[in-house]
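As structure tokens, the structure follows; a few thoughts come after it.
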Amino acid sequence: MTEMTSETYHPAVLEPAIREFWETERLHRADRGDGETYYCLSMFPYPSGKLHMGHMRNYTICDVMSRYQIMRGRRVLQPMGWDAFGLPAENAAMANGVPPAEWTRANIRHMRGQLQSLGFAIDWEREIATCNPDYYRWNQWFFLQLLERGIAYQKTGTVNWDPVDQTVLANEQVLDGRGWRTGALVEKREIPMYYLRITDYAQELLDSLDQLDGWPDRVRAMQANWIGRSEGAEIAFACTDQVIKVFTTRPDTLMGATFMAVAAEHPLACRAAESNPELAAFIRECQKGGVSEADIATQEKLGMDTGLTATHPLTGEQIPVWIANYVLMGYGEGAIMAVPAHDERDFEFARKYDLPIRQVIALPEGQAYDDRRWHESYAAKDGTLVDSGPYTGLSCADGFAAIVADLEKKGAGKARVQFRLRDWGISRQRYWGCPIPIIHCQDCGAVPVPEEDLPVVLPEDLVPDGAGNPLKRCEAFLNVPCPKCGKPARRETDTMDTFVDSSWYFLRYTCPDNDRAMVDERTAEWMPVDQYIGGIEHAILHLLYARFWTRLMRDQGLVSVDEPFARLLTQGMVLAETFYREDENGRRTWFNPAEVEVQRDAKGGVVSAVRVEDGQPVIPGGVEKMAKSKNNGVDPQALVDQYGADTVRLFSMFAAPPEQSLEWSEAGVEGSWRFLRRLWNGVQRHAAQGVVTDVLEVRKLDDNGLALRRLLHETIAKVTDDFGRRLTFNTAIAAVMECCNGLARFEPSATNDRALVQECWTALVRLIAPVTPHLSEALWRKLGADGSVFDAGWPAVDESALARQTVTLVVQVNGKVRGRIEAAPGSEQELVEGLARAEPNVARFIADKTIRKVIVVPDKLVNIVAA
RNA sequence: GCCGGGGUGGCGGAACUGGUAGACGCGCCGGACUCAAAAUCCGGUUCUGGCAACAGAGUGCGGGUUCGAUUCCCGCCCCCGGCACCA
């Protein structure tokens with residue numbers, strides 16, 4: 001073990017040796033020790049090729065929290081696995097002709113090695129990959145259970161269709177309304193798909209957000225908005241021989257409804273179009289463009305009169321029925337009653353097509369309704385109804401109730417709760433995913449694959465070429481006898497959304513070796529996850545689906561928890577400076593920060609930047625998320641090779657608190673490197689004078705010694721709070737640095753002083769160990785200890801060391817700091833006030849004034865209010 | 001468009017419950033060591049004025065509450081994330 005006791009800090013030699021020691025001791029096994037369990041989980045990576053800074057940051061946060069808990073005596077599960085199905089593997093296959101399976105598995109091998117070189121306390125014996133049949137067979141098995149329970153069902157859904165490639169496109173593959181490969185205008189198309197009834201759980205998913213007090217408020221708010229509960233009414237409008245059902249949150253404004261609008265896909269629209277070619281053309285027009293909510297919300301509002309009229313259920317009046325592209329088939333009933341006077345979208349539409357606007361809510365005193373310009377007060381819900389027949393004079397709330405009651409009497413409507421949340425469509429028309437275990441038979445229809453025939457194994461040798469799912473051309477996969485009647489039948493070729501894979505992987509880590517069941521009794525031992533860490537970009541979809549899926553498994557009797565993740569930390573993005581040059585056509589070439597040198601003025605401000613290679617200037621393009629398109633990615637591996645894992649870990653934890661975005665800086669990394677070397681040298685110099693065996697005698701310390709000891713114990717208290725409660729690792733590291741600076745200034749004179757220095761180092765090395773595990777492990781040995789620093793326990797605060805003789809109080813005059821005074825802690829108000837007035841600079845400011853009031857905050861501040 | 005978050009020195013950030021704005025680190029300036037450079041060590045560093053003591057200004061912009069506001073309230077501006085088939 002000479003590598004571990006070398007006199008100079010050589011992480012390239014030291015770190016592998018330390019990891020070998022951990023490996024031999026099997027220090028990272030989740031079932032090591034007998035403490036209380038702690039499940040610390042990061043969102044598993046998509047194996048894109050190599051580790052990027054975002055991964056590095058995510059897993060470092062997770063490892064710091066895991067190692068802190070290990071040192072506190074907990075039995076920690078920190079697993080790792082691979083979200084291995086998905087679109088990028090198909091894109092890579094198209095680019096290189098390599099089957100997605102091969103590409104994915106090679107990436108996993110490479111990234112596993114990278115993760116291991118970072119020294120994370122991961123239990124690798126529990127690794128999983130979602131593309132392995134022993135994982136995804138349970139997707140299939142559970143899907144069949146859901147089908148039986150009626151949670152999974154089939155209906156049509158809208159997808160992006162590329163008419164040239166004859167294939168379905170992901171939203172990501174639609175650029176400015178065109179297919180990414182063909183450039184063809186994308187169309188909407190309706191195809192049959194499998195859905196899960198997440199809406200059955202909408203209320204529960206919403207209600208239990210309140211109990212998730214370990215989650216950031218903003219994530220809970222985003223989920224609540226996404227679920228989008230609204231109370232309103234469904235109202236039936238008669239239209240020729242049929243009924244148009246609408247959902248509205250504002251039945252109180254029913255008397256102001258002047259027209260109706262239905263979605264282009266609404267059955268009534270389709271029927272009206274049969275006899276009206278102009279309408280049919282308009283509906284086709286509406287089918288252009290993408291399906292994403294952002295596309296629909298930003299497109300221009302378009303509409304066309306169907307020529308039909310509907311009967312107002314209360315007045316009997318005939319109002320026109322329009323087709324409008326801002327009405328969505330997927331929400332509510334796919335039809336609305338339009339009240340342009342009090343709804344902004346309806347207002348805009350009515351103005352454009354010159355439809356009547358009828359005000360039915362009074363405006364605040366002094367404000368007049370202007371039907372040429374929208375004002376947000378028009379949508380207020382706290383007004384009084386006007387021009388509303390029998391309801392005139394009622395408040396909106398009373399009008400709501402009265403109108404709903406009358407509709408109910410007439411059988412034309414009732415109160416209803418509507419969720420914005422839609423059922424989860426899990427079918428994907430792609431190859432590289434988990435096959436949906438269904439067999440299509442001409443006679444028997446869609447037949448579930450019998451349980452004993454699972455898994456339906458995805459053939460791994462196919463290469464997608466962009467023209468649709470290659471499974472559709474794979475006869476060996478397609479052809480299968482019908483499980484019911486035995487006649488030749490065909491397999492379903494759609495695969496599952498990868499969000500299915502990631503909705504329960506955290507359960508599988510607890511029992512990855514079980515080939516007889518999806519989960520087992522070990523699952524209950526670890527669940528729920530104590531701490532989950534991942535990107536804010538997953539705040540809604542992944543986290544909502546995982547919460548839903550956990551409930552599905554609960555209702556199947558497979559797990560006992562409602563909520564999978566007790567605490568959640570959403571880490572910020574990793575950013576870096578960008579640099580570019582522009583050619584005469586305005587095209588930009590981006591240069592990696594590593595090839596650029598910045599030039600500064602005498603104050604340190606950046607004045608210009610040049611590319612090192614040619615010495616020519618480049619333009620700084622601001623700080624952006626690390627991305628291929630801006631060529632500002634920094635490779636963590638290169639930095640680990642150069643500085644060692646501990647330095648890179650330290651910088652990524654020090655540069656920003658975990659929830660905020662982190663701006664990468666090479667100079668900052670060097671600063672972290674310098675700190676670690678100072679730390680190493682400090683311990684080295686201390687240890688070189690011989691190991692201290694004498695017990696520290698606090699009584700013998702002089703003022704300097706007592707001050708250092710107070711600093712040390714303040715630091716222990718601060719770091720413990722930052723790691724355990726606040727999760728602000730940056731301030732914890734700053735506190736350790738501050739304490740090291742204080743220790744460096746201390747000059748030990750007696751043997752007893754050296755015992756104090758020994759106390760400081762043994763505490764500091766442990767305090768920083770979760771962040772810099774290799775270095776701390778080695779220094780722990782230098783300090784004369786046996787065994788791993790991670791078995792050494794967390795340093796304890798000695799309360800008696802925190803006592804102070806005096807405290808400094810700030811003295812303000814009219815809120816401005818004018819001086820400072822020293823006083824014994826807990827001094828009486830009158831004494832402090834007297835000292836404050838006597839302070840020379842303070843006295844100067846109050847000399848010719850009358851004192852009106854004096855505010856004293858004990859041991860902190862005095863504010864003298866004088867005029 | 002809708003929902004969510006953010007804006008503090010030259011830079012990353014700190015200030016936790018309304019109580020010293022700028023901890024810690026980077027950068028920069030000066031010094032020590034060196035033939036020299038790198039590395040290292042020591043000192044300084046919000047801006048303006050001043051030799052200094054100190055004074056004035058200052059947390060995106062405009063208002064408000066308060067003895068006191070980066071922190072709370074109202075109105076704006078700018079940047080970022082998500083929007084259901086990227087993961």
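The values are calculated or read from the model by the stated rules, or taken from the named source; none is laboratory data. Quick caveat, the model's predicted, so the values are computed rather than measured. Reconstructed Cβ throughout: ideal geometry from the backbone, glycine too, with neighbour counts over all protein chains shown. What goes into the accessible areas is simple: the full protein's heavy atoms, side chains included, and nothing from ligands, DNA or RNA. Shrake-Rupley method; radii C 1.70, N 1.55, O 1.52, S 1.80 Å.
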Q: Determine which member of the set A:511, A:482 is farther than 21 Å from residue A:40 by Cβ, of a type outside the set (Ser, Thr, Tyr), buried (at least 16 other Cβ atoms within 10 Å of the Cβ) and at pLDDT 95 or above.
A: A:482
Q: Would you be able to say whether some residue in region A:698-705 is within 23 Å of residue A:67 (Cα to Cα) and surrounded by fewer than 19 Cβ atoms within 10 Å (Cβ to Cβ)?
A: no
Q | Hits in region A:157-190 - residues which are within 25 Å of residue A:282 (Cβ to Cβ), in contact with a Leu (Cβ under 9 Å, 6 or more places away or on another chain) and either assigned to a strand (DSSP E or B) or open to solvent by 70 Å² or more (accessible area, probe 1.4 Å) (or both) | A | A:159, A:160, A:161, A:162, A:178, A:179
Q) Would a scan of region A:132-139 turn up a residue that is open to solvent by 30 Å² or more (accessible area, probe 1.4 Å), in a loop (DSSP other than H, G, I, E, B), within 26 Å of residue A:58 (Cβ to Cβ) and touching a helix residue (DSSP H, G or I) at 6+ places or on another chain (Cβ under 8 Å)? A) no
Q: Answer yes or no as to whether residue A:196 is modelled with pLDDT of 95 or more and within 14 Å of RNA strand B (Cβ to nearest atom).
A: yes
Q. Are there any pairs with C-beta distances below 9 angstrom linking a residue in region A:600-614 that is more than 6 Å from RNA strand B (Cβ to nearest atom) to a residue that is open to solvent by less than 70 Å² (accessible area, probe 1.4 Å) and outside any strand (DSSP E or B), with the two at least 6 apart or on different chains, and if so which?
A. A:611/A:595; A:612/A:595; A:613/A:595
Q.
On the basis of being of a type outside the set (Ser, Thr, Tyr), closer than 21 Å to residue A:259 by Cβ and away from RNA strand B (no atom under 16 Å from the Cβ), does residue A:350 make the cut?
A. yes
Q) Looking at this structure, is residue A:624 open to solvent by 30 Å² or more (accessible area, probe 1.4 Å), within 13 Å of RNA strand B (Cβ to nearest atom), modelled with pLDDT under 90 and not β-branched (Val, Ile, Thr)? A) yes
Q. How many residues, within region A:395-451, are acidic (Asp, Glu) and either within 14 Å of residue A:495 (Cα to Cα) or in contact (Cβ under 8 Å) with a residue 40 or more places away in the chain (or both)?
A. 4
**Q.** Residues of region A:648-664 satisfying the condition of being within 6 Å of RNA strand B (Cβ to nearest atom) and not charged (D, E, K, R)
**A.** A:655, A:656, A:657, A:660, A:661
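Report those helices (runs of 4 or more DSSP H) wholly inside region A:737-850 carrying at least 3 residues which are free of Cβ contacts under 8 Å to residues at least 40 places away in the same chain and away from RNA strand B (no atom under 16 Å from the Cβ).
The qualifying helices (runs of 4 or more DSSP H) are A:829-838.
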Q | Search result, residues across region A:57-95 that are open to solvent by less than 10 Å² (accessible area, probe 1.4 Å), farther than 19 Å from residue A:123 by Cα and not in a loop (DSSP other than H, G, I, E, B) | A | A:89, A:93
Q. Considering only residues of region A:516-532 that are part of a helix (DSSP H, G or I) and in contact (Cβ under 8 Å) with a residue 40 or more places away in the chain, which is nearest to residue A:569 (Cα to Cα)?
A. A:526
Q.
Please determine whether any residue of region A:754-764 is within 36 Å of the chain's Cα centre (by Cα) and open to solvent by 10 Å² or more (accessible area, probe 1.4 Å).
A. no
Q.
When you check residue A:450 against the structure, is it more than 16 Å from RNA strand B (Cβ to nearest atom), loosely packed, with under 14 Cβ neighbours inside 10 Å and at pLDDT 95 or above, yes or no?
A. yes
Q. When residues of region A:673-723 are filtered for being of a type in the set (Gly, Ala, Ser), at pLDDT 90 or above and away from RNA strand B (no atom under 16 Å from the Cβ), how many remain?
A. 2
Q) Considering only region A:406-461, how many residues are assigned to a strand (DSSP E or B) and hydrophobic (A, V, I, L, M, F, W, C)? A) 9
Q.
Testing residue A:119 on (1) modelled with pLDDT of 95 or more; (2) of a type outside the set (Val, Ile, Thr); (3) not in a loop (DSSP other than H, G, I, E, B), one condition comes back false. Which one is that?
A. (3)
**Q.** Residues of region A:584-613 that turn out to be open to solvent by less than 60 Å² (accessible area, probe 1.4 Å) and either under 20 Å from residue A:627 (Cα atoms) or among the charged types (D, E, K, R) (or both), as a count
**A.** 7
Q.
Anything in region A:511-555 that is under 25 Å from residue A:659 (Cα atoms) and more than 14 Å from RNA strand B (Cβ to nearest atom)? List them, or say none.
A. A:527, A:528, A:529, A:530, A:531, A:532, A:533
Q) For residue A:693, all conditions in the list (1) assigned to a loop (DSSP other than H, G, I, E, B); (2) among the β-branched types (Val, Ile, Thr); (3) closer than 30 Å to residue A:578 by Cα hold save one; what is the number of the exception? A) (3)
Q. Of all residues in region A:343-401, which are farther than 29 Å from residue A:301 by Cα and part of a helix (DSSP H, G or I)?
A. A:389, A:390, A:391, A:397, A:398, A:399, A:401
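Of the residues A:864, A:846, A:821, only one is within 23 Å of residue A:803 (Cα to Cα) and open to solvent by less than 100 Å² (accessible area, probe 1.4 Å); which?
Being within 23 Å of residue A:803 (Cα to Cα) and open to solvent by less than 100 Å² (accessible area, probe 1.4 Å) holds for just one of A:864, A:846, A:821, which is A:821.
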Q. Among all residue pairs at least 6 apart or on different chains, which show Cβ distances below 7 Å where the first residue, located in region A:348-361, is touching a residue at least 12 places away in the same chain (Cβ under 8 Å) and the second is open to solvent by less than 70 Å² (accessible area, probe 1.4 Å) and among the basic types (Lys, Arg)?
A. A:348/A:301; A:349/A:301; A:352/A:301
Q: Have a look at A:274, A:234 and point out the one that is under 19 Å from residue A:420 (Cα atoms), more than 14 Å from RNA strand B (Cβ to nearest atom) and open to solvent by 10 Å² or more (accessible area, probe 1.4 Å).
A: A:234
Q) Name the pairs whose Cβ atoms lie under 6 Å apart, with the first residue in region A:149-165 and over 11 Å from residue A:193 (Cβ atoms) and touching a residue at least 60 places away in the same chain (Cβ under 8 Å), the second open to solvent by 30 Å² or more (accessible area, probe 1.4 Å) and not β-branched (Val, Ile, Thr), and 6 or more positions between them or separate chains? A) A:151/A:197; A:165/A:467
Q) Would you pick out the residues in region A:462-476 that are more than 16 Å from RNA strand B (Cβ to nearest atom) and either surrounded by 20 or more Cβ atoms within 10 Å (Cβ to Cβ) or not in a helix (DSSP H, G or I) (or both)? A) A:462, A:463, A:465, A:474
Q. For the subset of region A:382-394 comprising residues that are touching a residue at least 24 places away in the same chain (Cβ under 8 Å) and out of contact with any strand residue (DSSP E or B) (no Cβ under 9 Å at 6 or more places or on another chain), which member is least open to solvent (accessible area, probe 1.4 Å)?
A. A:389
